[in-house]
1. When a footprinting reagent is the concern and you count Cβ atoms within 10 Å, what order do B:Trp240, A:Trp79 take, fewest first?
2. I want to check the label-to-label distance for B:Val140 and B:Ser83. Put each point 7 Å from Cα in the C-beta direction and report it in nm to one decimal.
3. Taking only C-alpha pairs under 8 Å that are 6+ residues apart, what is the relative contact order of chain B in percent?
4. Binning at 20 angstrom from zero up to the longest distance, how are the C-alpha pair distances of chain B distributed in percent?
5. Setting aside same-chain residues fewer than 8 positions from B:Lys3, which aspartates and glutamates have a Cα under 20 Å from its Cα?
6. When the helix-only estimate is applied to chain A (DSSP H runs of n ≥ 4, each -39,500 (n - 2.57), divided by the residue count), what is the mean residue ellipticity at 222 nm, nearest 500 deg cm²/dmol?
7. Rounded to the nearest 500 deg cm²/dmol, what is the calculated helix-only ellipticity per residue at 222 nm for chain B, with -39500 (n - 2.57) per DSSP H run of length n ≥ 4?
8. Just to be sure I understand: with springs between alpha-carbon atoms less than 10 Å apart, which residue in B:Leu16, B:Leu55, B:Leu265 has the highest mean-square fluctuation in the Gaussian network model of chain B?
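Coordinate-derived values only; no laboratory data. In this text, all values refer to a predicted model and were calculated from it rather than measured experimentally. Cβ sites come from the backbone with ideal geometry, for glycine too, and all protein chains shown count toward neighbours.
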Amino acid sequence: MSDTRALLEQASGVLAGGGEHSNRMACWIARSALESCVDDLLLARQRAAESASMRSRLSVLQVAYEQQPEVAQRAEYAWSRLSRACHHHAYELSPTATGAEHLIGVVDSLAAHT
Amino acid sequence: MSKPSIDRLAAAEKWLKDNDTRLKNERIAPISEQAKRAWALLRQESNVELGDLRLEGQATRRRVSLTASIDGADAGNALPVLSQGELHALALALFLPRATLDESPSASSSSTTRSRRWIPAKVDGLVTLLSEIAETRQVVAFSHDDRLAAAVRRSQTPARIYEVVRGPQSVVSISSVVDPSTRYISDADALCRDENVPDDVLRRTLPGLLRLAIEAAARDSFFAGRIVRGVPLTEVEETWDSAHGTSQRVSLAVHGEIRSLDHWLRTESRKKALGVATSGFHRSLRGLDVSDAVHHTRRVVDEIGGQAR
């Protein structure tokens with residue numbers, strides 16, 4: 001099983017387990033899954049750039065998958081939502097379980113392109 | 001009138017009423033389906049699921065009935081179980097499909113949202129929903145806070161964001177905060193500055209990003225110029241779609257028609273930027289410094305943006 005799939009399963013498991021911090025933890029794991037998924041997608045187009053910033057990798061992804069614009073759109077969306085969900089914000093609540101589940105689903109649908 | 005006649009008339013009236021209700025409900029069936037889909041996008045973190053939308057009652061007692069289920073369990077009437085934010089979302093979920101029916105006279109759809117009461121996921125759902133509508137309609141959304149704009153920025157939707165400022169004496173000024181071509185240029189800039197992007201990846205990606213920037217600027221310029229002159233949007237779109245490749249699109253922006261760019265290509269920036277955008281697409285960027293490529297493209301984007309033909 002690929003890293004992405006393993007991480008996604010782990011994220012779903014943590015989320016299902018419940019507990020005080022499970023939503024945020026699931027988001028952290030899903031965020032790692034997304035990074036690994038984007039790396040796979042770039043590698044598939046011979047454009048590996050693992051150590052570059054995520055912003056750079058997402059730009060490369062946009063051009064590499066220009067014929068499938070939904071790939072970069074979904075990755076961009078998931079990255080920005082997951083990044084927000086992972087950090088504590090003074091006036092924002094933690095991610096909800098359905099929110100985390102939704103984002104895991106987005107990464108999962110992206111992994112289907114690899 | 002004899003009893004049998006009255007009975008027949010009563011039966012006929014009942015038949016008419018029943019069929020009237022049935023026909024009305026058949027007519028709103030597409031709205032009901034689209035409202036459910038809109039709600040699915042807007043609900044995001046709500047566990048309320050929308051059921052069927054039905055028209056009920058007659059004469060002065062007509063109403064719309066809306067059912068809902070919570071976590072899969074039937075909750076009967078939808079309205080009492082929704083929160084304030086959900087009610088706003090529901091209003092939009094019902095309004096947007098109606099406004100975008102083929103029979104609807106509005107070619108554009110404008111909405112004012114109170115996204116302040118919305119959680120971030122709902123705002124993202126709204127952007128997805130509006131982007132889908134924007135494929136066939138012009139969508140104008142007004143908002144008082146930055147969350148809708150922020151959601152648009154991260155969704156990569158090719159949308160323009162304007163800031164409306166009301167000054168002293170209610171003098172209103174409108175300025176563009178961010179447009180797609182500026183976004184592509186700033187992405188290209190960031191990519192060049194990232195030392196961890198391997199050079200070959202950078203050189204293979206940059207032409208694509210710069211081409212997207214130039215085409216976005218050309219499109220904006222061409223559309224703005226035509227629409228200001230009163231050319232119907234469908235016609236403008238048709239002309240734009242008939243252009244293939246970056247050169248033809250730039251030609252539409254600078255000449256207003258598809259013809260040779262030889263005369264226009266007299267400055268260094270134009271030549272280099274267009275060279276990168278057109279030939280660099282299939283091959284990687286060669287013989288030109290990456291930051292020079294961004295610099296020349298930025299100049300061309302500014303030039304194209306500055307003139308609407």
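1. By the 10 Å Cβ count, ascending: B:Trp240, A:Trp79.
2. Reported label-point gap for B:Val140 and B:Ser83 is 3.2 nm.
3. 12
4. Histogram of Cα-Cα distances, whole percents per bin: 25, 43, 24, 6, 1.
5. Once the sequence-local aspartates and glutamates are set aside, what remains near B:Lys3 is B:Glu13.
6. -24000 deg cm²/dmol
7. Value at 222 nm, helices only, nearest 500: -19000 deg cm²/dmol.
8. Comparing B:Leu16, B:Leu55, B:Leu265 in a Gaussian network model of chain B, the most mobile one is B:Leu16.
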